[in-house]
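The values are calculated or read from the model by the stated rules, or taken from the named source; none is laboratory data. Keep in mind that this is a model prediction, so the values were computed, not measured. Virtual Cβ from ideal backbone geometry, glycine too; neighbours counted across all protein chains shown. For the accessible areas, the whole protein counts, side chains as well, though only heavy atoms, and no ligand, DNA or RNA atoms are used. Shrake-Rupley method; radii C 1.70, N 1.55, O 1.52, S 1.80 Å.
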Amino acid sequence: MLDAKFLRNDIEQTAELLKKRGFDLDVNLLSELEEKRKSLQISTENLQSERNTRSKDIGQAAKRGEDIKPLREAMNELSDALEKAKEEFAVVSEQIKTISDRVPNLPHESAPIGKDESENVEVLTWGTPKQYDFAVKDHVELGEALGGLDFKSAVKISGSRFIVMQGQIAKLHRSLAQYMLNLHTNDHGYTEMYVPYLVNADSLYGTGQLPKFGDDLFNTNPATEEGIGMSLIPTAEVPLTNMSRDVIYDESDLPIKMTAHTPCFRSEAGSYGRDTRGLIRQHQFDKVEMVQLVHPDKSFEALEELTGHAEQVLKNLELPYRKVVLCTGDMGFSATKTYDLEVWLPAQDTYREISSCSNVGDFQARRLQARFRRSGAKKPELLHTLNGSGLAVGRTLVAILENYQCADGRIEVPAVLQSYMGGLTHIG
RNA sequence: GGUGGGGUGGCCGAGUGGCCGAAGGCGCUCCCCUGCUAAGGGAGUAACGGGUUUAUAGCCUGUUCGAGGGUUCGAAUCCCUCCUCCACCGCCA
């Protein structure tokens, strides 16, 4: 959520910034609604004030033993007027909220301007894709041949976009998550967290999945009148970031760095036909997520650091990757600036996203009322939130299968994972 | 799942229809006293929003006593629904 003051006082400039990310803000409509809101709010509050003083008078008159009947009757008219004013105000407020809830965050000036992913800017590449003296296979072929990836059973049990893993591949998958958690907690200063996988609507609203992106979520049966029960988390960013909801931290508490390994559930509405083959786009996948709650002066610094933590995983696994900064048109709803890390997949002969690291600024914090108090200051201020994958476990598995494949179809186990695999050097 | 008791300001805790945004205490801030990290005295101290404003100062005003709805001229107080905490029972990985 943007600061309401932007939409009131700097609406032209705000609209200009939003245009950079392809969002068309209806300035005329919003200004008109805003004007209505203002006058309705003033008249409503005047009526309330009038009611309050008159009610007090009635109380005092009653105490003196006077006849209060005429006073009460006179109030009826006022009450009617007040009720009507309140209703009109509520309607306009709701209209404004409906619009402003769907306005994305303002892009940071350092985010390149562009309309879609084709205009993302490569920052660096790391590592050199291996040359193979045999025809490379993709992870589906490799995994099935090894008996470790079982798409057929998954379809039977659940449907498409699910996976059953088995044996050493399942263990490798688990080892990856363990390795990532250990790296972030031991070397990068994060606190390991275990969090709920089902969350309430308030949490989803807090991090920005609702109201706009409800279709991407798996919901449990409606438990409330609004028809929103608990939802399966689409990312651990939701429970982790919501830790800060309605909390006022001391300045000295910051930064708070949390990491968690969770499954993530996404309906992938609107992505029919994309990446239907393999593990790239699943309804259920594991991810190790990093979240930071930081001082607003330090959030862009923290973005570099957090992205570096995700990069470190790829480096330690010796997986070639590239880092891109997303252009304004390709950024997520809540982000001010986002780096994507894309890992090299030899079978696709291209880089594919494996991590997305964003500075959200105060956008989530405003909805969450996540604040801190500067030492000595009286008023709390909004803090800044960041999140990033460190990494998507399933996609990392894909990258390992494909990058570490041998001519005979076996998979070499990356050096840092061998101890997790009981010393195993090859799968198959 | 059952029964009973709770949810009030930074914290504790009073408050069953108007004089309550809310006693009292703790904490905190300022001042006084005191030759010193004690004791005492006094004053102040909720949050959020709107309007005005250069102003996150002041002034005016609204809302908020777990959440939402209702009754009433008027609700922390009465009614309904929900959430949540505690205790005991049941069940259970």
Can you compute the label reach from A:THR220? Point 7 Å from Cα along the Cβ direction, backbone N cut-off under 14 Å, restricted to segment A:228-266. A:228-233
Past the 29 Å Cα-Cα mark, which pairs from A:LYS115/A:LYS315; A:LYS56/A:LYS84; A:LYS130/A:LYS287; A:LYS36/A:LYS69; A:LYS137/A:LYS287; A:LYS137/A:LYS212? A:LYS115/A:LYS315; A:LYS36/A:LYS69; A:LYS137/A:LYS212
Please compute the length gained on full extension between A:LEU71 and A:HIS426, using 0.36 nm multiplied by the number of residues separating them and subtracting their Cα-Cα distance. 118.8 nm
For peptides A:81-92, A:342-353, sequence by mean Cβ density within 10 Å, most packed first: A:342-353, A:81-92
When the charge dipole of chain A is computed with +1 on Lys and Arg Cβ and -1 on Asp and Glu Cβ about the Cα centre, the Cα farthest towards its positive end, among A:GLY206, A:ILE11, A:MET193, belongs to A:MET193
Residue separation between A:VAL121 and A:PHE134 times 0.36 nm, minus their alpha-carbon distance, gives in nm 1.4 nm
Tally up the carbon and sulfur contribution to the accessible surface of chain A as a whole percent, 1.4 Å probe, everything protein left in place. 48
Just subtract the alpha-carbon distance of A:ARG102 and A:ILE248 from 0.36 nm times their residue separation and send over the number in nm, one decimal. 50.0 nm
Relative contact order %, chain A, counting alpha carbon pairs below 8 Å whose residues are six or more apart: 20
Between A:ARG277 and A:ASP202, the FRET efficiency computed from the C-beta separation at R0 = 30 Å comes out, to the nearest 0.05, as 0.20
Of the listed peptides A:170-179, A:194-203, what is their order by residue-averaged count of other C-beta atoms within 10 Å, with the highest listed first? A:170-179, A:194-203
Go ahead and run the numbers for FRET between A:GLU16 and A:LYS84, Cβ-Cβ distance against an R0 of 45 Å, rounding to 0.05. 0.75
Mind listing the long-range amide H neighbours of A:SER355? Cut-off is under 5 Å, sequence gap 5 or more, other chains count too, H placed in the peptide plane at 1.01 Å from N. A:LEU341
A:PHE213 and A:ASN316 label points (each 7 Å along its Cα→Cβ direction) are spaced in nm at 2.7
Relative contact order for segment A:1-128: what percent, with Cα pairs under 8 Å and sequence separation of 6 or more? 41
For segment A:31-177, what is the charge dipole size about the Cα centre, in debye to the nearest 20, if Lys and Arg each add +1 at the Cβ and Asp and Glu each add -1 at the Cβ? 740
Ordered by packing density, taken as the mean number of other Cβ atoms within 10 Å over each peptide's residues, highest first, how do A:252-259, A:64-71, A:290-297 rank? A:290-297, A:252-259, A:64-71
Once all Cα-Cα distances of segment A:190-269 are split into 5 Å bins that start at 0, what whole-number percent is in each one? 3, 15, 24, 23, 17, 10, 6, 3, 0
Just want the answer: with Cβ charges of +1 for Lys and Arg and -1 for Asp and Glu, which residue in A:GLY394, A:SER299, A:CYS264 is farthest toward the dipole's positive end in chain A? A:CYS264
